[in-house]
1. Select, from LEU501, LEU530, LEU546, the only residue that is open to solvent by 20 Å² or more (accessible area, probe 1.4 Å) and either under 30 Å from ILE455 (Cβ atoms) or β-branched (Val, Ile, Thr) (or both).
2. Could you list, in sequence order, all residues of the stretch 441-452 that are of a type outside the set (Ser, Thr, Tyr), surrounded by 21 or more Cβ atoms within 10 Å (Cβ to Cβ) and part of a loop (DSSP other than H, G, I, E, B)?
3. Pairs under 7 Å by beta carbon, first residue in contact (Cβ under 8 Å) with a residue 60 or more places away in the chain in the stretch 332-354, partner part of a loop (DSSP other than H, G, I, E, B) and of a type in the set (A, V, I, L, M, F, W, C), six or more apart or different chains?
4. I want to confirm something. Restricting to the stretch 316-341 and keeping residues that are at pLDDT 95 or above, open to solvent by 10 Å² or more (accessible area, probe 1.4 Å) and not charged (D, E, K, R), which single residue is nearest to ILE205 (Cα to Cα)?
5. Select from the stretch 232-276 the residues that are open to solvent by 40 Å² or more (accessible area, probe 1.4 Å), closer than 17 Å to PHE208 by Cβ and of a type in the set (A, V, I, L, M) and list them in ascending order.
6. Tally the residues that are assigned to a strand (DSSP E or B), open to solvent by 40 Å² or more (accessible area, probe 1.4 Å) and under 14 Å from GLU357 (Cα atoms), restricting the search to the stretch 390-435.
7. What number of residues within the stretch 617-652 satisfy the criterion of being more than 15 Å from VAL569 (Cα to Cα) and surrounded by 16 or more Cβ atoms within 10 Å (Cβ to Cβ)?
8. Which of the residues that make up the stretch 514-523 are open to solvent by 20 Å² or more (accessible area, probe 1.4 Å) and either assigned to a loop (DSSP other than H, G, I, E, B) or farther than 20 Å from ARG486 by Cβ (or both)?
Amino acid sequence: MTTAMLPPPETDDEPLDLDALIAALSPEDRAKRARPHAAGALAGIWAWFMGLPLLAQIFVGALVGAGLYYAARLLSRPKFSVDVARAYGFRPRRNTSGIGLAVPVLYGEHRVWPAVVNEYIDVVGDLQTLFRLAVVSEGEIESITLPEINDQDSAKFTGATVTTRLGTAGQTAIPGFENTRNTYDVSIDLLDVARSFIYTTFTSIDQFIARMAFAGGLSDAGGANPTTVTMRVEYRLVGVVPFTLLGDFVYSSTSGKPVTKQQASGTLTRGRYDIRVTLQARTGPPRPTTFHTVDEIIVQATPNTYPNVALAALSVQASEQLSGEVRFSVLAKGRKVRTLSGGVLSTTEAWSQNNVECLIDAMTNKRYGRGADIADADIDLVSFQAARTYCNTIVQGETRHRMDLVCDEQKSWVEWLEHMVNTFRGIPVESDGRYRLAVDDIAPVSQRFTDGNIIRGSFKTSWVSLADEYDSVELFYLDQALYYTRTSVRLPLDPVTGVFLGTKTKQVDGRGVTRRTHATREAQYHLNALTILSRFVEFSCGLDALAVDVGDVIDVQSSIPKWGQGGRVVAAVLTGGNHVVTVDRNDLPTAGLGSHVLGIRQATDVIEERSLVSVGAPFTTAEGYPRQDVTVSGIFSTLPAARDALWVLGVV
């Protein structure tokens, strides 16, 4: 079995191999007459949307020189080819089974329709009982509660019981599933007396159960015109003759409803078997008789416990209120993860909905995450701590962001990374061999680019293309208050009528979000990014500008689009308690300076601003260089260094 987060890591702690467990890789010539009902569980994970902060500050989006780059190692995993979603999408939510599916990973709290690991039906008299073992998540998780069958409380159904395991390493086997038991369809009609069919097991087994089905019952309504049939069941090891008689079994019923009967072998010598079922005798009217299914049972010397996998086992009896498809779901609180406090990871695990703590778990877990590649020492915990605090800030009476995410689709690491960081506007960056986490939030300016450090002729601006212009957003998410039904938030709305005002709408995937208030905030964020941030800037710069990273906020001054004035400091002196800065231009305004400020980026990358006292008359040096003196109110933290400090003059 693979895991939902990644292809299995090459470590000694291998994930559970359901393919080997169910031994369901049958030859092609058998595929049409038998299909396994036992399987594995689900899948997939991550990539990212790079948002932009609002208003007049420009977000460095992987532009500033070759020194900036995304986490290339995060891009190395291939995509999976299968797409089997349960929690998300338009298909009816049901319990999926199939070969090669992967164990889901659940963070936060969510209703889960778990994937089937093993399923069989026991028949006692006319009573049928379904036994289903399903995978909830990689463990250890916090809890599994509120089981439902077909969207109804399971307690309403006859004989319904649910047994759970939370995915600990030392958990015990769930009764009824200690051994490997796989059900295969046969579906061969035995129409005439003496008609028989031989079924050959797919694997070496220790026991088998053969079932016969009578779709029309064994009598008419009210018990009229009953039919009695004798079915002979025999078996032999493949290649051995003759058959051994298990018995001649006589079936009759006064019910006109469909009837299923089963016969179990005792313990056999392990091997592959031929099982022959014969319609030996019949009295009364002919009625449909089918060699229906075979259970192949492999007795395990060590019971199947499925360590580190959270499980939910359902048993329920067929009844008038329950027949046909059975959809089974549970409400689960997901993975226990290491928590982050003061920039230090805990040594124990606890349940958390914090987006950053869940992200760290996915990055460092060796069983289903990227722990084979990413160690704790590779993570800049200071930046992750800041992002954690940001997520936990109280907004509208609730935490700003939280993660309630079921990773149950087979996707690449990068695609699932996108879903996880999108839940809190995060931006993961690999820098200097370590992983840093930025958040698209209001932040101080970390770098200033002016005519003084932008390489001449490299400055370019562009606008969003018409094809990428939108005036509205629709964010889709699963609403916890609506039983995790897929719904959406659309913005903008008319403030009076509440009517949606969009004409060209951008659709946004909001998985991991389950609160409408949270979804509304994220929709507004995306709407702002789409409608306000419509201009891009690109330029080259010197080495002194490379002390920035993806996610940093910068100021840009350029004379080309007339964004303020700037350059390099020529000289600076202290005069009368104020700094007087000589700049390398002579076209600065000398009047109407009330709203102007002079900004300085010191040689130490410290950025400061001071209001103006005056701007002197322009002059030219003997060598022909333009100059002008600017007097600021007060002083900077240090005297700006000639040639090393950058200056910019603009309006507040």
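The values are calculated or read from the model by the stated rules, or taken from the named source; none is laboratory data. Please read these numbers as outputs of a predicted model, since none were measured by experiment. Every residue, glycine among them, receives a Cβ derived from its backbone with ideal geometry; neighbour counts consider all protein chains shown. Just so you know, the surface numbers come from the protein's heavy atoms only, side chains and all, with ligands and any DNA or RNA stripped out. Shrake-Rupley method; radii C 1.70, N 1.55, O 1.52, S 1.80 Å.
1. The match here is LEU546.
2. Scanning the stretch 441-452 gives ASP451, GLY452.
3. Listed pairs, sorted by first residue: GLN353/MET403.
4. Ranking the qualifying residues of the stretch 316-341, first place goes to LEU331.
5. LEU237, VAL238, VAL240, LEU245, LEU246, ALA264
6. 0
7. Total satisfying the criteria: 1.
8. Within the stretch 514-523, ARG515 is the sole residue that qualifies.
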